[in-house]
Amino acid sequence: MNKPELTPETSIRFIRGVGEARYEAFLRLGIETAGDLLACFPRGYEERGRTVTISEAPEGELCSVVVTVSETTKPVRIRGGKTLFRSLVTDDTGSMELSFFNTPFMAKTLIPGRRFRVFGRIRHTLYGKEMVSPKLEPFAEGGELPYFVPVYRVSPPLTQKTFASAVKNALPLCDKMQNVLPESMIKARGLMSRGDAVRVLHSPRGAEELARAKRTMAFETVTVFRLALARLRSDSSGERAVPLGLKGSGAKLFFDSLPFTLTGAQQRAVKEIFSDLARERPMARLLQGDVGSGKTAVAAAAIYLCVKNGYQACMMAPTEILAQQHKKTLDKLLSPFGIKTVLLVSGLPAAEKRAARAALASGEADVAVGTHALITGDTAFHNCALVVTDEQHRFGVAQRAALLGKSERDGRRAHMLVMSATPIPRSLSLIIYGDLDVSLLDELPPGRQKIETRVVRGEDMEKVFAFIRRETGSGGRAYIVCPLVEESENSEKRAAESYFGYLTQGPLKGIPAGLIHGRLKQAEKEAAMAAFSSGETKVLVSTTVIEVGVDVPEATVMLVENAESFGLSQLHQLRGRIGRGTRRSVCILVNGGGGNEAADRLRIMRDTSDGFKVAEADLQRRGPGDFFGERQSGEFSLAFSAISDMSVLRETDGIVKELRAREGEKEYAPLFAAASRFLQKTGGSKTVN
Ligand code: ADP
Ligand code: MG
């Protein structure tokens with residue numbers, strides 16, 4: 001049989017290196033065609049450093065050396081149950097020692113006479129040069145030495161190697177790839193053609209071309225996204241909303257009933273929101289405030305006003321746990337005024353979901369709190385006039401649009417309040433949220449404890465667990481975030497359960513503990529959360545499902561395993577779960593083997609408590625990709641996470657205006673088509689019209 005010609009539509013099955021055996025594994029990653037494969041850009045690059053000889057190897061700098069093994073010791077046991085072995089290696093200029101921890105099997109690879117390329121940081125010691133835990137690969141004479149090696153998002157049975165080799169076999173497609181950006185723009189802005197950029201992202205030969213390729217893809221993605229956003233907006237300009245007035249609402253009663261006095265920042269935000277709500281123009285406002293700044297109370301005030309005007313309101317949260325908690329808070333604050341709230345999450349029993357939807361459709365319920373379940377097909381409101389979304393950066397623009405679409409009635413659309421704890425620079429918030437007005441909660445409620453943050457290594461865990469035993473023994477409670485698993489959802493369950501078993505039978509034996517992970521049923525999650533909240537359990541082991549919003553004032557310890565693999569903003573969110581009461585709180589970040597860069601980032605966490613500074617540092621280091629997280633990366637192609645700095649965002653400011661003037665020109669057609677596809681893909685245009 002003739003091999004089918006390679007096109008972007010060629011099934012991944014026909015790509016050399018995939019075959020029937022790995023076909024399924026690629027499908028699970030959402031990769032069906034050769035084109036899909038090339039669109040999966042590396043999540044990062046491993047830097048191999050420049051290649052040097054042993055004699056010229058600079059102290060402390062990352063570099064590669066081609067060496068021959070001279071002798072290797074037997075692995076020996078050392079402190080803490082670890083093993084260590086050493087290998088002496090040479091090149092024409094000298095010799096150095098390699099040491100390896102906990103990899104006894106590798107000793108068998110390092111056979112005298114074999115040649116390897118090793119890379120790591122070289123230390124100059126009293127006894128000569130050494131490299132600790134270097135990475136190594138067999139050296140083949142004349143082999144190319146790439147400086148950057150792509151690292152893909154893969155999960156077993158796929159490996160970096162199999163993935164990279166499949167990509168390599170699809171690379172010829174780059175030669176025929178069409179540009180999305182107009183040729184003139186590519187030239188004027190010093191970008192690459194699309195095909196070149198894709199090829200370079202998968203096989204960079206140097207730092208400079210890699211940077212240019214990233215910039216090209218980022219520029220394209222951001223431009224397409226901005227164009228799509230602008231369309232969404234212009235579709236909705238001139239829309240009207242129901243004005244929600246303050247008069248006769250009894251709002252003073254509401255504020256008097258709160259268990260605390262609003263902070264100055266909260267009062268300002270409420271004022272801004274109330275003045276928006278009173279207008280006929282739909283409110284589109286972002287309420288931005290660090291974790292714990294009290295966004296929920298502000299939202300509750302807006303909801304109060306809306307319901308007192310005779311309309312329904314809804315609040316969407318990214319997780320069921322959070323939705324559940326908001327339901328509780330809103331009940332506490334609003335039920336004294338006869339305001340009825342229902343919960344709508346997918347984990348509810350079918351009968352309860354039906355009842356909740358019926359109450360919303362009839363108008364019997366005033367407020368809906370829920371997750372994505374709110375925007376699925378059969379949810380309908382009686383007369384919703386306010387849509388609040390919490391931790392919005394988890395939601396896509398399209399989801400927000402869908403919720404607004406649901407609440408549209410008689411040509412009037414709902415007011416929108418978006419709450420986010422991730423402080424993001426204005427230019428970035430424009431990209432994520434579109435053009436929203438911003439209210440800032442730049443003040444924490446009084447009496448908050450400063451959280452102490454410590455960074456530890458695996459070998460300190462004994463002390464850490466002793467601390468947790470003492471703390472929980474004296475009235476504190478601890479969150480423990482599981483080590484990260486990169487595999488399927490099922491393995492998340494397995495990993496969480498086995499880690500839980502290890503803790504409760506080992507270091508934390510005898511302490512009442514609960515477990516939460518994404519695969520639990522809604523009722524089970526609620527039960528685990530409630531037990532922790534009431535103090536029945538003192539330790540809550542969890543995957544990152546607790547990351548956002550959860551509020552248990554008695555929690556005083558946050559232990560994060562594999563902290564090195566989280567984004568800083570994510571860690572800041574996790575840390576925000578503690579320090580909510582009057583007791584001293586401690587956040588412990590376990591660096592489970594990250595390199596210098598990771599240690600550096602964790603130091604920032606240790607030294608910075610201000611969410612804005614954390615976000616800024618995150619942005620500088622990892623680019624804006626992290627702000628979107630993986631969960632909603634569907635909306636932004638992975639290329640977006642390749643933006644390594646903010647310059648592309650700045651550069652595309654004002655580009656929409658420039659482009660709209662060219663609409664209809666042939667050269668610009670692919671770009672406009674891409675924006676339309678983007679909206680169709682996310683369902684945005686349908687729900688807004
Ligand atoms: P976030 O902004 O992170 O969503 P929350 O709304 O969950 O913060 O509020 C955090 C905690 O602070 C809650 O326990 C809430 O009751 C409390 N709180 C909110 N506003 C105030 C205030 N003005 N004074 C004292 N406590 C407050
Ligand atoms: Mg919150």
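The values are calculated or read from the model by the stated rules, or taken from the named source; none is laboratory data. Note that the structure is predicted; figures quoted are calculated from it, not measured. For neighbour counting, all protein chains shown are included, and Cβ atoms are generated from backbone atoms with ideal geometry for every residue, glycine included. The accessibility values were calculated without ligands, DNA or RNA, using every heavy atom of the protein model including side chains. Shrake-Rupley method; radii C 1.70, N 1.55, O 1.52, S 1.80 Å.
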- Item | Flag if Arg215 is crowded, with 21+ Cβ neighbours inside 10 Å, under 25 Å from Thr652 (Cα atoms) and without any contact (Cβ under 8 Å) to a residue 40 or more places away in the chain | no
- Item | Unmet requirement for Ser335, which otherwise passes all of (1) within 25 Å of Arg409 (Cβ to Cβ); (2) in a helix (DSSP H, G or I); (3) of a type outside the set (Phe, Trp, Tyr) | (1)
- Message: So, Ala301, is that one more than 17 Å from Glu364 (Cβ to Cβ) and at pLDDT 95 or above or not?
- Response: yes
- Task: Kindly provide the set of residues from segment 234-264 that are among the aliphatic types (A, V, I, L, M), open to solvent by less than 60 Å² (accessible area, probe 1.4 Å) and either away from ligand 1 (no atom under 16 Å from the Cβ) or at pLDDT below 95 (or both), ordered by number.
- Result: Ala241, Val242, Leu244, Ala251
- Message: Yes or no: segment 2-11 includes at least one residue that is crowded, with 18+ Cβ neighbours inside 10 Å, out of contact with any His (no Cβ under 8 Å at 6 or more places or on another chain) and not in a loop (DSSP other than H, G, I, E, B).
- Response: no
- Selected residue (criterion: modelled with the lowest pLDDT) from residues of segment 443-452 that are within 12 Å of ligand 1 (Cβ to nearest atom) and either part of a strand (DSSP E or B) or over 24 Å from Leu589 (Cα atoms) (or both): Gly447
- Message: Can you confirm whether Arg153 is open to solvent by 40 Å² or more (accessible area, probe 1.4 Å) and at pLDDT 90 or above?
- Response: no
- Task: Of the numbered conditions (1) modelled with pLDDT under 95; (2) buried (at least 21 other Cβ atoms within 10 Å of the Cβ); (3) out of contact with any Lys or Arg (no Cβ under 8 Å at 6 or more places or on another chain), Lys328 fails exactly one; give the number of that condition.
- Result: (2)
- Task: May I ask you to verify whether Leu322 is open to solvent by less than 10 Å² (accessible area, probe 1.4 Å) and either assigned by TED's automatic domain parsing to the domain that holds Gln522 or part of a helix (DSSP H, G or I) (or both)?
- Result: yes
- Message: Looking at the structure I just gave you, is Arg22 part of a helix (DSSP H, G or I), in contact with a Ser or Thr (Cβ under 8 Å, 6 or more places away or on another chain), in contact (Cβ under 8 Å) with a residue 12 or more places away in the chain and open to solvent by 60 Å² or more (accessible area, probe 1.4 Å)?
- Response: yes
- Counting only residues that are of a type in the set (Val, Ile, Thr) and open to solvent by 40 Å² or more (accessible area, probe 1.4 Å), give me the strands (runs of 3 or more DSSP E) lying completely in segment 38-91 with at least 1 of them. 50-52, 62-72, 76-78, 82-91
- Residues Thr33, Thr10, Thr51: which one is of a type in the set (Ser, Thr, Tyr) and under 28 Å from the mean Cα position of the chain (by Cα)? Thr33
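Table: residues versus (1) away from ligand 2 (no atom under 14 Å from the Cβ); (2) within 22 Å of Glu554 (Cβ to Cβ).
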{"site": "Leu253", "(1), (2)": "yes, no"}
{"site": "Ser257", "(1), (2)": "yes, no"}
{"site": "Thr261", "(1), (2)": "yes, no"}
{"site": "Arg285", "(1), (2)": "yes, no"}
{"site": "Val298", "(1), (2)": "no, no"}
{"site": "Tyr304", "(1), (2)": "yes, no"}
{"site": "Asn309", "(1), (2)": "yes, no"}
{"site": "Gln312", "(1), (2)": "yes, no"}
{"site": "Thr319", "(1), (2)": "no, yes"}
- Task: Residue by residue through segment 77-93, note down the ones that are out of contact with any Phe, Trp or Tyr (no Cβ under 6 Å at 6 or more places or on another chain) and more than 20 Å from Tyr127 (Cα to Cα).
- Result: Arg77, Ile78, Arg79, Gly80, Gly81, Thr83
- Note on the structure: Taking segment 114-136 and keeping residues over 10 Å from Leu98 (Cβ atoms) and open to solvent by 50 Å² or more (accessible area, probe 1.4 Å) leaves Arg114, Arg115, Arg121, Arg123, His124, Thr125, Leu126, Tyr127, Lys135
- Item | Among residues of segment 561-582, those that are more than 16 Å from ligand 2 (Cβ to nearest atom), at pLDDT 85 or above and either assigned to a strand (DSSP E or B) or not acidic (Asp, Glu) (or both), counted | 3
- Task: Confirm whether Ala269 is within 16 Å of ligand 2 (Cβ to nearest atom), part of a helix (DSSP H, G or I) and modelled with pLDDT of 95 or more.
- Result: yes
- Item | Residue satisfying all of: in segment 380-411; open to solvent by 30 Å² or more (accessible area, probe 1.4 Å) and at pLDDT 65 or above; nearest to ligand 2 (Cβ to nearest atom) among these | Gln399
- Task: Quick one: Gly347 ticks every box in (1) open to solvent by 40 Å² or more (accessible area, probe 1.4 Å); (2) more than 18 Å from Cys384 (Cβ to Cβ); (3) in a loop (DSSP other than H, G, I, E, B); (4) not hydrophobic (A, V, I, L, M, F, W, C) except a single one, so which number is it?
- Result: (1)
- Task: Would you be able to say whether some residue in segment 575-587 is buried (at least 24 other Cβ atoms within 10 Å of the Cβ), away from ligand 1 (no atom under 15 Å from the Cβ) and touching a residue at least 40 places away in the same chain (Cβ under 8 Å)?
- Result: yes
- Note on the structure: A careful count of residues in segment 286-310 that are surrounded by fewer than 24 Cβ atoms within 10 Å (Cβ to Cβ) and within 6 Å of ligand 1 (Cβ to nearest atom) gives 5
- Scanning segment 265-283 for residues that are more than 17 Å from Gly294 (Cβ to Cβ) and not polar (S, T, N, Q), which turns out farthest from ligand 1 (Cβ to nearest atom)? Glu280
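Kindly indicate whether Lys509 is loosely packed, with under 15 Cβ neighbours inside 10 Å, free of Cβ contacts under 8 Å to residues at least 60 places away in the same chain and more than 17 Å from Ala555 (Cβ to Cβ).
yes
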